[in-house]
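Written below as structure tokens is the structure these notes are about.
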Amino acid sequence: MSDTGIAELLGGRAFIGHPLKTEMDLFELSRIGLPKKALTNLAHNLNLSIRSMSTLLNITERTIQRKADQELLDVSTSEQLLQIAEVYSRGAEVFGSSANFHAWMESANKALGNRNPMDLLPSRYGAHMILDVIGRIEHGVFS
């Protein structure tokens, strides 16, 4: 896990307010809640619309729009946002660039039942499966 990559995707320490050095830091941050601005930064950094982010986060676009930039997201949404950032941070690391990883996320993958990884991302189980495939790719296991 690249904690620095996760923080950068969310807008840096200025937006998340806490250093991310361990998984415990991620856990504690998810319990405090991330500001809406972290969500909009992640959407921008991943070239995703707020509508796409709302689908990934299992919340309505209107819910996102109603929040002020510094207003904290609930625990569930914050945890999902951190999970998405972790997947993209790890993927960009393994694939060499965000663009390469994003293309992979949009392509059917045999190891994921011929589904696009992006379709699995709204679920924590799906995100876990994506991270598992990324790990196998990193270690040269055909996936």
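Using +1 at the Cβ of each Lys and Arg and -1 at the Cβ of each Asp and Glu in the chain, identify which of N47, L29, A111 lies farthest towards the dipole's positive end.
Farthest towards the positive pole: N47.
Hey, of (i) 115; (ii) 158; (iii) 96, which did the structure itself give for volume of the Cα convex hull per residue in Å³ when calculated?
Matching entry in (i) 115; (ii) 158; (iii) 96: (iii).
If the cut-off is a Cα-Cα distance under 23 Å, which lysines reach K36, setting aside same-chain residues fewer than 8 apart in sequence?
Filter leaves K21, K67.
Quote the FRET efficiency, to the nearest 0.05, computed for T22 versus N116 with a Förster distance R0 of 25 Å and r equal to the Cβ-Cβ distance. Could the numbers behind the result be given before it?
Details: r = 31 Å, r/R0 = 1.25.
The calculated FRET efficiency here is 0.20.
Please tell me the relative contact order of region 5-143 in percent, rounded to the nearest whole number, where contacts are Cα pairs under 8 Å and at least six residues apart. Provide the component values of the computation, followed by the final result.
Working: 155 pairs, mean separation 29.9, N = 139.
Value for region 5-143: 22 percent.
Compare the peptides 76-87, 10-21 by average per-residue count of other Cβ atoms within 10 angstrom and give them in order, highest first. The partial results should precede the final answer.
Details: 76-87: 22.6, 10-21: 16.0.
The packing order, highest mean first, is 76-87, 10-21.
Which percent of Cα pairs goes in each bin when the distances of region 13-59 are cut into 5 angstrom slices starting at zero?
Answer for region 13-59: a P(r) of 5, 20, 25, 23, 20, 8, 0 percent.
For S107 and S76, calculate 0.36 nm times their separation in residues minus their Cα-Cα distance, and state this gained length in nm to one decimal. Before the final figure, lay out each step's value.
On the way: separation 31, 0.36 × 31 = 11.16 nm, distance 2.74 nm.
So the extension gain works out to 8.4 nm.
How large is the charge dipole for the chain, taken about the Cα centre, if only the Cβ atoms of Lys, Arg (+1) and Asp, Glu (-1) carry charge, to the nearest 20 debye? Kindly include the intermediate steps, with their values, before the conclusion.
On the way: 14 positive and 16 negative charges, 68 e Å.
So the dipole magnitude of the chain works out to roughly 320 debye.
Rule-based calculations on the coordinates, nothing more; no lab input. Just so it is clear, the structure is predicted and the values come from calculations on it, not from any experiment. For neighbour counting, all protein chains shown are included, and Cβ atoms are generated from backbone atoms with ideal geometry for every residue, glycine included.
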